[in-house]
Amino acid sequence: MKKRPAWIVSLVTWPIVLLIAFPLLWMLITSIKPAAELFSTSPTLLPKAITFEHYARVLQDTPFLQYFANSMILATSTTVVVISISVLGAYSLVRFAYPGRETLASLVLFTYLLPSVVLISPLYLMLVSIGLANTLASLVIAYTSFALPYALWLLRSFMAGIPQDLESAAMVDGASRMGAFIDVVLPQALPGIISTALFTFILAWNEYLYALVLVNSDEARPLTTGVMTMLISAFNIEWSLLMAASVLMSVPLIIIFAFFQRHLTSGFGAGGVKG
Amino acid sequence: MPDIALQRSGLSRERRDALLGLLLIAPTVLVLGAVIVYPLLSAIALSFQSVYTPTLEGHWVGLANYRELLGSGGFWAALLTTAIWTVGTLTLQILIGVAMALLLHQNIIFRSLARSLVLFPYFLSTVVAVLVWRWLFNDLYGIVNHGLMAAGIIDAPVNWLGAMPNAMLSIMVVGAWKFFPFVVIAVLARLQTIPEALYEAARIDGAGPISRFFDVTLPQLREVLTIVILLRTVWDFKEFDLIYLMTGGGPVNGTRTLPLIVYQQAFGLNQMGMAAAYAVSMMLVMLVFMLAYLQRARKAAA
């Protein structure tokens, strides 16, 4: 293709990119504006003065840190549970022959599309009856219902891409099947496992509906429902406070995004689109 | 003795392999059974019962829930609302997504930064997206009204979320903003694999940029777009968080989609059986798209 001068396309593209990014920029700007400026009749794009009082208030006067800790525990536990199960499961689906394997693979893909609202009432009944309502453990269990099919599907396509020769070579050299799995397959699958783990973490970090239904105490409430509680309980909606909370809540995602973007986009293609 | 042992291990080699395979898949099967298959079957069973959520006491009512659901206007209205929301937001997602992918495929300045900025909304929590947009749409202090008034496009502040059809259009826009990066990533990946020779040939034939897009690019994107549309149809159809948090289904049920009714029935009206009937009916409607996607995905995997 003839290389058009980059600046013409850039001149068209960048304003659109900035327009798309504007809501996030506005979130950031609102969070550092003094409260008085917020309700000005002619708001300015850039703050006249910068303040971090909203951040201080979110951290000191609200249960934000408690929610943050809950979300961290919740997303990490979900990721560990889901990855441990799905790494073994995906390996089995890719490399072993037994009756029902194809049906199982289809079932996994089917569950990956299943709406949460269908499962929500029975899961609620089940978790109440085993006495886990209002705990982080109940959320970890509920989250596996969408995270496990997702992780399995993603890992399955990653593992299918690993050549079988290396494994066979290791076994010819006397390694057992599981030995070959640990020494040969796992290292090769590592990029796929990392991206699956990151996706699982993000899914769990962002989940809202199960948290809304299964937990109604601050001790176990994650950030998603917690921050919305701050909105509802406030007499006057304090937007600068909420924007500061939104920024803080997005920090782990920004970190993941900044350092692992390559992993995210590759996992995305494997699981979402290539099928 | 050694003979028999040898024979036995020789015979059972495949069998032992299959056994190991089953052992590895066992945790998956157990967990999926407990958190998906069992709840799914319970949901179907619940839909034939009348259950009062706070006491969880119920009794069988046969098809009564379904009869009531199909007879009431609520289900059909919500189905229509869900269809309008899905078609509207998906159309925006596809148009913006394809256009953005084409632009980001070009050799622009700071391309990777531009890509990151465009992709980020997809990874953001819906809660954060909703808070930001509700602040943007705020009728008194929101920047959207300020901007449009300053530009002279509107004379008085517009009520973006509390009136129809504004509320529906607003959630469609927010949905498009949140989910179009999915289309960008998929299309961008595909664009990078279209052979340059196809464009060369088209150029030799005298095709301009527009006819190159329709004759070369679009046919190459057909397959990926079909899969993206099927997936996003399923996901937009079942979207709960975004709509519930933006409008709560209002004003006056104007944006109340099927997932919202399910939640409302189960935890607002405490009718868990009825909620299950709504959920199962909704799933049956979605099944067409789910099966179409499954078929495509299996074909692609084979």
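The values are calculated or read from the model by the stated rules, or taken from the named source; none is laboratory data. Bear in mind the structure is a predicted one, so any value in this text is a computation, not a measurement. Neighbour counts are summed over all protein chains in view; Cβ atoms, including those assigned to glycine, are modelled from backbone coordinates with ideal geometry. Areas reflect the complete protein model, heavy atoms only, side chains present, ligands, DNA and RNA absent. Shrake-Rupley method; radii C 1.70, N 1.55, O 1.52, S 1.80 Å.
Selection of first residues in the range A:155-174 that are not assigned by TED's automatic domain parsing to the domain that holds residue A:95 and of second residues that are open to solvent by 50 Å² or more (accessible area, probe 1.4 Å), restricted to Cβ pairs under 9 Å at least 6 apart or on distinct chains, gives an empty result. Filtered by the rule that a residue be open to solvent by less than 10 Å² (accessible area, probe 1.4 Å) and touching a Phe, Trp or Tyr at 6+ places or on another chain (Cβ under 6 Å), the range B:261-286 gives B:261, B:262, B:277, B:286.
Applying the set (1) polar (S, T, N, Q); (2) closer than 30 Å to residue B:204 by Cβ; (3) open to solvent by 10 Å² or more (accessible area, probe 1.4 Å) to residue B:217 leaves exactly one unmet item: (3).
Is it the case that the range A:250-266 has a residue that's among the small types (Gly, Ala, Ser), more than 14 Å from residue A:70 (Cα to Cα), open to solvent by less than 50 Å² (accessible area, probe 1.4 Å) and more than 10 Å from every other protein chain (Cβ to nearest Cβ)?
Step one: of the range A:250-266, the residues among the small types (Gly, Ala, Ser) are A:250, A:258, A:266.
Retained after the next criterion (residues that are more than 14 Å from residue A:70 (Cα to Cα)): A:250, A:258, A:266.
Now restrict to residues that are open to solvent by less than 50 Å² (accessible area, probe 1.4 Å): A:250.
Okay, now just the ones that are also more than 10 Å from every other protein chain (Cβ to nearest Cβ), so none.
No, the range A:250-266 has no match at all.
Has the range B:101-108 got any residue that is out of contact with any strand residue (DSSP E or B) (no Cβ under 9 Å at 6 or more places or on another chain), of a type in the set (Val, Ile, Thr) and facing chain A (nearest Cβ under 8 Å)? The answer is yes, given that some residue of the range B:101-108 is out of contact with any strand residue (DSSP E or B) (no Cβ under 9 Å at 6 or more places or on another chain), of a type in the set (Val, Ile, Thr) and facing chain A (nearest Cβ under 8 Å). Taken together, B:152, B:162, B:147 contain a single residue that is without any contact (Cβ under 8 Å) to a residue 12 or more places away in the chain, small (Gly, Ala, Ser) and not in a helix (DSSP H, G or I), which is B:152. Within the range B:57-66, at least one residue is surrounded by 12 or more Cβ atoms within 10 Å (Cβ to Cβ), within 17 Å of residue B:266 (Cβ to Cβ) and within 11 Å of another protein chain (Cβ to nearest Cβ).
Answer yes or no as to whether residue A:173 is touching a Pro at 6+ places or on another chain (Cβ under 7 Å), open to solvent by 10 Å² or more (accessible area, probe 1.4 Å) and farther than 21 Å from residue A:120 by Cβ.
Working: touching a Pro at 6+ places or on another chain (Cβ under 7 Å): no; open to solvent by 10 Å² or more (accessible area, probe 1.4 Å): yes; farther than 21 Å from residue A:120 by Cβ: yes.
Answer is no for this residue.
Can you find, within the range B:120-143, the residue that is farthest from residue B:176 (Cα to Cα) among those that are open to solvent by 10 Å² or more (accessible area, probe 1.4 Å) and more than 7 Å from every other protein chain (Cβ to nearest Cβ)? Taking the candidates together, the pick is B:140. The test for being surrounded by fewer than 20 Cβ atoms within 10 Å (Cβ to Cβ), touching a Gly at 6+ places or on another chain (Cβ under 9 Å), assigned by TED's automatic domain parsing to the domain that holds residue B:190 and over 30 Å from residue A:255 (Cα atoms) holds for residue B:88.
The set of residues from the range A:88-100 being within 8 Å of chain B (Cβ to nearest Cβ), assigned to a helix (DSSP H, G or I) and out of contact with any Phe, Trp or Tyr (no Cβ under 7 Å at 6 or more places or on another chain) comprises A:88, A:89, A:92, A:93, A:95.
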